[in-house]
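Undergrad: Have a look at the structure that comes next, please.
The values are calculated or read from the model by the stated rules, or taken from the named source; none is laboratory data. Note that this is a predicted model, so its numbers are computed, not measured. Quick reminder, even Gly has a Cβ in these numbers, built from the backbone with ideal geometry, and neighbours come from all protein chains shown.
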Amino acid sequence: ILSPPTAYPFMCYVCQEEESNKDCWTISMCEKEDKYCVTIRKKVETKPNKPKYVISKMCSPTCPGGNQQQNQTYQRISCCEKPLCNVNGVSSKQSSYGVMSLGALAGISYIFACRL
């Protein structure tokens, strides 16, 4: 009797309030209920003509989506539903296949390293 194939673990890039996408390369295996990779780009400083933004990425069971503004804070939120799809952040919903392949390879390497 063949057992059903196990589901591929859902993974996203995760970080908290990094100044750049290039500082957000940590891969996390999401919880079973997580279906989305979420990226939030938040405006944190409002100097005239020189706004400052921070980027946060995470796994989530829901997609908060859209743009939100509270007080003087503005944040742009994007969601995607494929493993490691939040590699490029908010500015791009679609990632290049080359970068996605690199991310998938890193994720698979991580899984094998954890099992050894």
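Undergrad: Just one of the numbered conditions (1) at pLDDT 95 or above; (2) surrounded by 18 or more Cβ atoms within 10 Å (Cβ to Cβ); (3) part of a strand (DSSP E or B); (4) in contact with a Ser or Thr (Cβ under 8 Å, 6 or more places away or on another chain) is not true of S78; which one?
TA: So S78 meets the others, but not (1).
For every residue, the table says whether it meets (1) more than 18 Å from W25 (Cα to Cα); (2) at pLDDT below 95; (3) aromatic (F, W, Y).
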| position | (1), (2), (3) |
| --- | --- |
| R41 | no, yes, no |
| K47 | yes, yes, no |
| P51 | yes, yes, no |
| G65 | yes, yes, no |
| N71 | yes, yes, no |
| Y74 | yes, yes, yes |
| V87 | no, yes, no |
| V90 | no, yes, no |
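Undergrad: In region 25-35, is there at least one residue being crowded, with 17+ Cβ neighbours inside 10 Å and under 20 Å from Y74 (Cα atoms)?
TA: Looking through region 25-35, none of the residues is crowded, with 17+ Cβ neighbours inside 10 Å and under 20 Å from Y74 (Cα atoms).
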